[in-house]
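Below is one structure, written out as structure tokens; the observations come after it.
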Amino acid sequence: MSVLVVEDDDDTRRLIEQELGEAGYEVIPALDGKHALRLMNTARPRVLLVDLGLPLMSGDEFVRRWRASGDANDATVVIVSGSENALDIAESLGIRTVIPKPFRIEDLVATVAQCVDPSSGA
């Protein structure tokens, strides 16, 4: 199972990549929303972990454009953000899962597992 990680902070992205990799996921890193859109032309991740505060194109703009592209699959989008209005933005996008920053990496890995297999009870 692959996970797209759209995160501009190098340390945070590397931590997520390492932990999800150790948990058995293929991680596709993206530095910003534009990079993520290009990757989505060929990648078909099961889960998208999206920060909102990104350079060049915000996380919410990425989600909107990806969904409008006609190539959007049934991937689960999870907002991972320290933004004060992350819940409101997620709700406006129809996204139910928000992981606030700072987060516990164990919680993030468990959330990804739950998105991949809802019967896992993670």
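The values are calculated or read from the model by the stated rules, or taken from the named source; none is laboratory data. A quick note: this is a predicted structure, and the numbers were derived from the prediction, not measured. Cβ coordinates were reconstructed from backbone atoms using ideal geometry, including for glycine residues, and neighbour counts include every protein chain displayed. SASA here: full protein model, heavy atoms, side chains in, ligands and nucleic acids out. Shrake-Rupley method; radii C 1.70, N 1.55, O 1.52, S 1.80 Å.
Data overview
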{"quantity": "Isotropically averaged projected area of the range 75-114, using the convex hull of Cα atoms (one quarter of hull area), nm²", "calculated": "2.8 nm²"}
{"quantity": "Ratio of Rg to Rh over the range 1-86 (Cα coordinates, Kirkwood Rh, two decimals)", "calculated": "0.93"}
{"quantity": "Heavy-atom accessible surface of the range 29-122: percent carbon and sulfur, 1.4 Å", "calculated": "49 percent"}
{"quantity": "Difference of contour (0.36 nm per residue) and Cα-Cα distance, ASN41 to GLU26", "calculated": "3.7 nm"}
{"quantity": "Accessible area expressed per residue, the range 1-115, with surrounding protein chains retained (probe 1.4 Å, Å²)", "calculated": "51 Å²"}
{"quantity": "Hz values of 3J(HN,Hα) by residue in the range 101-108 - Karplus curve (6.51, -1.76, 1.60), Gly and Pro given as x", "calculated": "8, x, 10, 8, 4, 5, 5, 5"}
{"quantity": "Relative contact order for the range 1-97, counting Cα pairs under 8 Å that sit 6 or more residues apart, in percent", "calculated": "27 percent"}
{"quantity": "Residues of the range 87-122 with amide N under 15 Å of a point placed 7 Å along Cα→Cβ from GLU19", "calculated": "98-115"}
{"quantity": "Stretchable slack from GLU91 to LYS34, in nm (0.36 nm times residue separation minus alpha-carbon distance)", "calculated": "18.3 nm"}
{"quantity": "Distant-in-sequence amide H partners of GLU26 (H built 1.01 Å from N, under 5 Å)", "calculated": "SER2, VAL3"}
{"quantity": "CD proxy at 222 nm, helix term only [per DSSP H run n ≥ 4: -39500 (n - 2.57); per residue of the chain; nearest 500]", "calculated": "-12500 deg cm²/dmol"}
{"quantity": "Rg followed by Dmax, in Å, when the range 48-98 is reduced to its Cα trace", "calculated": "10.3, 30"}
{"quantity": "Kirkwood-Stokes translational diffusion coefficient of the range 20-63, alpha-carbon pairs, 4 °C, 1.567 mPa s, µm²/s", "calculated": "118 µm²/s"}
